[in-house]
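The values are calculated or read from the model by the stated rules, or taken from the named source; none is laboratory data. Fair warning: this is a prediction, and the values are worked out from it, not measured in the lab. Glycine also receives a Cβ, built like all others from the backbone with ideal geometry; neighbour counts cover every protein chain displayed.
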Amino acid sequence: MSIATILFPDFALILLGFLLMRFTDWGTAFWSGLEKLIYYFLFPALLFYSTARTPLDFGSTGKMLQVALGAVAAGIALGWLARPLFRGPPMIFESGVQTAFRFNSYIALAIASRLAGEPGTSLMALIIGFAVPICNMAAVHALVHRSGGLLQELAKNPLIVATASGMAFNMLGLHLPEVVNATLSRMANASIAVGLLTVGAGLRLSGLHEAKGMAAYFLSVKLLVLPAIGLLLGRSLGLPPLQLQVAVAFCALPTASSAYVLAARMGGNGPFVAFLISSGTVLSVFTLPVWLALAR
């Protein structure tokens, strides 16, 4: 299967979401409610379903996790390097630095599913389960410089809870009844398609009025530097082909849509983050195929 065939359906759904948002009168309340349905209900079902059913061998996936989390650590370090390199108004750096290392989970699992079905989805879900708490802690720290209540928030994060529960269920050797499997499978399939629609609905290609150099820096780190690090680390550690593709795809993802929500709720510069998310998603249409081709 060609790279274009793998990626086209996913980016087509993002484009469809963008068009639906602009040419329908459904309103922001509809899209906000849909996002909550996915984040708190459908998406956790996908993560639990994937990790609970697929055999997990941490001996064989340990190196893949090292590559993915090593890239996340590099993104955090390079993101903070922007502070001495660039000058900007208050809350510009604090709001935007998270876009150098956070990732869009909807696109991640959509690509993994297209790459290798359930095995690919399970590998990506495993990475997400470990990467989400690290990225969330780093993002919140940049905005508030304190960690009060952070552990409690992480413990309630539906993505972390679903992944951890699925892994525990799997390692205990438990099996889901077929009727539950079928239900979770339908929810999982719905979460990917509808999640991509909401990514498109959230695109905002305006809001960059200042700190253009910093914006270009964050985008370059996320879309160019991190996947290069992932590819080099993966090849040096001798990852199997599928694990290498999944790890590099993870590293090359655009920034999470929830980065805007975090910045807006914590007094950050929401429009600046919205522009970085949207422009990164659009640019990934061109960068993701390149990195996936190099990882083959």
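May I ask you to verify whether L16 is under 25 Å from L288 (Cβ atoms), assigned to a helix (DSSP H, G or I) and more than 21 Å from the chain's Cα centre (by Cα)? Answer is no for this residue.
Counting only residues that are closer than 23 Å to F41 by Cα and modelled with pLDDT of 80 or more, how many does the stretch 129-159 have? Outline the logic, then answer.
Taking the stretch 129-159 as the starting set, the residues that turn out to be closer than 23 Å to F41 by Cα are 129-137, 150-159.
Within this subset, residues satisfying the condition of being modelled with pLDDT of 80 or more are 129-137, 158.
Summing the residues that are closer than 23 Å to F41 by Cα and modelled with pLDDT of 80 or more in the stretch 129-159 gives 10.
Taken over the stretch 100-119, the criterion of being in a helix (DSSP H, G or I) and under 19 Å from I14 (Cα atoms) is satisfied by S105, Y106, I107, A108, L109, A110, I111, A112, S113, R114, L115.
If the condition is being in a helix (DSSP H, G or I) and more than 24 Å from the chain's Cα centre (by Cα), then the stretch 170-190 contributes M171, E178, V179, V180, N181, A182, T183. Total residues in the stretch 208-252 satisfying the condition of being crowded, with 16+ Cβ neighbours inside 10 Å, more than 18 Å from I3 (Cβ to Cβ) and not hydrophobic (A, V, I, L, M, F, W, C): the figure is 2. Report whether or not L224 is more than 27 Å from L42 (Cβ to Cβ) and touching a residue at least 12 places away in the same chain (Cβ under 8 Å). The answer is yes for L224.
Scoring A263 on the criteria (1) of a type in the set (A, V, I, L, M, F, W, C); (2) surrounded by fewer than 17 Cβ atoms within 10 Å (Cβ to Cβ); (3) modelled with pLDDT under 95; (4) part of a helix (DSSP H, G or I) leaves a single failure, condition (2). Within the stretch 239-255, can you find the residues that are over 12 Å from Q66 (Cα atoms) and outside any helix (DSSP H, G or I)? Scanning the stretch 239-255 gives P240, A252, L253, P254, T255. Of A256, A193, A215, all but one fail to be in contact (Cβ under 8 Å) with a residue 24 or more places away in the chain, over 22 Å from A108 (Cα atoms) and within 20 Å of the chain's Cα centre (by Cα); the exception is A215.
Rundown of residues vs (1) crowded, with 16+ Cβ neighbours inside 10 Å; (2) among the aromatic types (F, W, Y); (3) closer than 16 Å to N157 by Cβ, yes/no style:
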| site | (1), (2), (3) |
| --- | --- |
| E35 | yes, no, yes |
| Y40 | no, yes, yes |
| G75 | yes, no, no |
| G79 | yes, no, no |
| P89 | no, no, no |
| E94 | yes, no, no |
| V97 | yes, no, no |
| F103 | yes, yes, yes |
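For the stretch 2-36, filtered to residues that are free of Cβ contacts under 8 Å to residues at least 60 places away in the same chain and aliphatic (A, V, I, L, M), the residue that is farthest from G129 (Cα to Cα) is A29.
Considering only the stretch 191-206, state which residues are among the hydrophobic types (A, V, I, L, M, F, W, C) and assigned to a helix (DSSP H, G or I). Outline the logic, then answer.
Taking the stretch 191-206 as the starting set, the residues that turn out to be among the hydrophobic types (A, V, I, L, M, F, W, C) are 192-194, 196-197, 199, 201, 203, 205.
Hits for the stretch 191-206 are I192, A193, V194, L196, L197, V199, A201.
Taken over the stretch 279-296, the criterion of being β-branched (V, I, T) and in contact (Cβ under 8 Å) with a residue 24 or more places away in the chain is satisfied by T281, V282, V285, T287.
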